[in-house]
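For reference, the structure discussed in these notes is given below.
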Amino acid sequence: MQLKNISKIVIAFISILAVSCNADDVDNRPVLESVSAPEMTLPLTGKTFVLTENNANNEADLFKWTAAEYSHDVVVSYTLLIDAKDGDFTNAQTLASTSDISQASVSVKTLNQAAIELGAVPGTAKLFDVKVKCNVAGSTAMETEETITISITAYSGLLAYPFTDWYLVGDATVADWNNNNGNQPMFRSGSNAKLYKYTGYFKAGYFKVISTLGSWTPMYGMGDGGSLVYRATNADADPASFNIPTAGYYTFSMNLQTLTYTLVPYNASAATTYTTIGFIGSSRTGTDAGWGEDTDMVQSTFDPHIWTLTISLFDGKGKFRANNAWDVNWGGDTAFSGYTANGASGGDIPVSKSKYKVYFNDLDGSYLMLPNQQ
């Protein structure tokens with residue numbers, strides 16, 4: 001019995017020594033201190049950039065800076081930032097990010113889009129400040145004390161978008177009879193630009209479809225035998241409205257090739273109502289790091305299965321997922337839009353650099369991404 005007690009005491013003493021050693025190790029770890037912040041060296045302040053769309057994929061310039069210095073050898077992450085002249089960099093745009101590399105090649109397209117995001121008027125020179133900040137894990141970020149100032153004449157940077165979008169309007173819809181009140185757009189086929197579909201909640205009442213927010217023309221209304229009636233101008237007769245006899249979920253489809261429509265009830269009783277849906281992908285950051293987390297979308301208060309998001313995206317790919325996890329996710333194989341069997345799929349949606357208004361429907365995976373937002 002005494003031997004057992006002695007053994008326990010020895011073990012306890014050794015444990016105390018081990019803890020003491022670990023504590024000493026923590027106390028004696030070297031403290032990482034910043035020595036000098038990086039400084040921009042190229043381009044020289046005052047440089048002028050006149051950007052053209054023909055050179056979008058070319059290098060605008062090689063931006064260089066001195067390496068940050070710390071009290072110990074560490075891996076330093078750098079972020080190259082641009083803001084409007086005399087801005088406080090609160091809403092700065094990121095031109096590039098590197099790890100332990102004190103230079104970055106910035107393309108014409110990247111520099112142009114950043115300038116547009118920061119208020120540049122295409123064809124007019126505007127001054128911008130550029131600086132670099134650095135960061136080491138576990139330490140406070142350092143930034144250059146001084147910026148360089150450059151002049152950028154941007155081009156429009158608008159994506160080619162040869163499509164017509166159609167919006168619901170009427171007392172059966174979220175917008176009521178207001179033609180510019182957050183009207184719900186229909187989702188366009190990714191394989192046939194003449195096909196449109198919307199599955200969602202309607203109140204009992206009536207609706208029509210318009211293509212120009214704030215205007216009652218062009219418009220489509222209801223004709224006989226499942227036909228569409230087109231109203232081109234205000235001088236044309238006002239077509240009849242589509243009728244929703246009972247509030248609930250419906251699928252409304254339009255075929256502008258055959259000028260026909262269908263309106264049928266949709267059973268949403270078994271559909272999951274998600275608390276969070278986000279957009280994720282390399283297009284969020286321009287790198288594969290964008291797959292690490294998503295940007296949450298805004299859930300409609302009119303229909304909990306409809307989600308929206310306004311976001312600036314880069315060249316890359318993306319998709320939608322629920323609850324910040326991969327258990328439930330939706331994708332597509334066509335840019336800008338798609339719905340089931342017409343672009344929506346399990347793949348990654350191709351995205352080109354622009355600012356988008358994004359619409360997503362979790363009932364059927366439909367998506368619509370409208371570029372060239374201001």
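The average projected area of the range 208-258, computed from the convex hull of its Cα atoms over all directions, is 4.4 nm².
Under the criterion of Cα pairs below 8 Å and six or more residues apart, the relative contact order for the range 203-253 equals 39 percent. Residues Tyr266, Tyr339 ordered from highest to lowest accessible area at a 1.4 Å probe: Tyr266, Tyr339. For the range 174-236, the relative contact order works out to 21 percent when only alpha carbon pairs closer than 8 Å and six or more residues apart are counted. Split the accessible area of the chain by element, probe 1.4 Å, and carbon with sulfur accounts for 51%. For the range 144-293, the relative contact order comes to 17 percent (Cα pairs under 8 Å, sequence separation of at least 6).
If you rank Val264, Val169 by how much accessible surface each has, with a 1.4 Å probe, what is the order from largest down?
Val264, Val169
Annotation: Ser156 carries an accessible surface of approximately 50 Å², with a 1.4 Å probe and no ligand, DNA or RNA atoms counted. Rolling a 1.4 Å probe across all protein chains gives Lys357 an accessible area of roughly 60 Å². Rounded to whole numbers, the Karplus 3J(HN,Hα) couplings from phi for the range 216-229 are 8, 9, x, 8, 10, x, 8, x, 7, x, x, 9, 9, 10 Hz, using 6.51 cos²θ - 1.76 cosθ + 1.60 with θ = phi - 60°, and x at Gly and Pro. The phi torsions of the range 108-125, fed into the Karplus equation with coefficients 6.51, -1.76 and 1.60 and a -60° offset, translate into couplings of 4, 4, 5, 5, 5, 5, 4, 5, 4, 4, 9, x, 5, 9, x, x, 10, 5 Hz, rounded to whole numbers, with Gly and Pro shown as x.
Once backbone amide H atoms are built at 1.01 Å from N, Ser211 has Tyr167 as its partners under 5 Å, excluding neighbours fewer than 5 places away on the same chain. Only helices enter the 222 nm calculation for the chain: every DSSP H run of n ≥ 4 contributes -39,500 (n - 2.57), and dividing by all residues gives -3500 deg cm²/dmol, rounded to 500. Summing charges over all other residues whose Cβ lies under 13 Å from the Cβ of Glu53, with Lys and Arg as +1 and Asp and Glu as -1, gives +2. Asp333 sits with roughly 100 Å² accessible to a 1.4 Å probe, with DNA, RNA and ligands left out of the calculation.
Measuring spread by the Cα atoms of the range 47-136 yields a radius of gyration and Dmax of 14.1, 47 Å.
Shown in residue order for the range 39-55 are the 3J(HN,Hα) couplings computed by the Karplus curve 6.51 cos²θ - 1.76 cosθ + 1.60 at θ = phi - 60°: 10, 5, 10, 9, x, 6, 4, x, 5, 10, 10, 10, 8, 10, 5, 4, 9 Hz (x for Gly and Pro). For the range 177-261, the set of trypsin sites (Lys or Arg not before Pro) satisfying both a DSSP loop assignment and a count of at most 13 other C-beta atoms within 10 Å is given as Lys194.
List the pairs from Lys64/Lys126; Lys85/Lys131; Lys85/Lys133; Lys131/Lys357; Lys85/Lys353; Lys203/Lys319 whose alpha-carbon separation is above 20 Å, in the order I gave them. From Lys64/Lys126; Lys85/Lys131; Lys85/Lys133; Lys131/Lys357; Lys85/Lys353; Lys203/Lys319, over 20 Å: Lys64/Lys126; Lys131/Lys357; Lys85/Lys353; Lys203/Lys319.
Here is the tail figure for the chain: Cα pairs spaced more than 36 Å apart come to 43 percent of all pairs.
Based on the inverse mean of 1/r over its pairs of different Cα atoms, what is the Kirkwood hydrodynamic radius of the range 235-345, in Å?
That comes to 16.7 Å for the range 235-345.
Compared with the dominant Cα axis of the chain, that is its longest principal axis, helix 2-27 is turned about 70°.
The values are calculated or read from the model by the stated rules, or taken from the named source; none is laboratory data. The model shown is predicted, which means the values in this text are computed figures rather than measured ones. Neighbour counts run over all protein chains shown; Cβ positions are idealised from the backbone, glycine included. The protein model used for the area step is the full one, side chains on, heavy atoms only, and it has no ligands, DNA or RNA in it. Shrake-Rupley method; radii C 1.70, N 1.55, O 1.52, S 1.80 Å.
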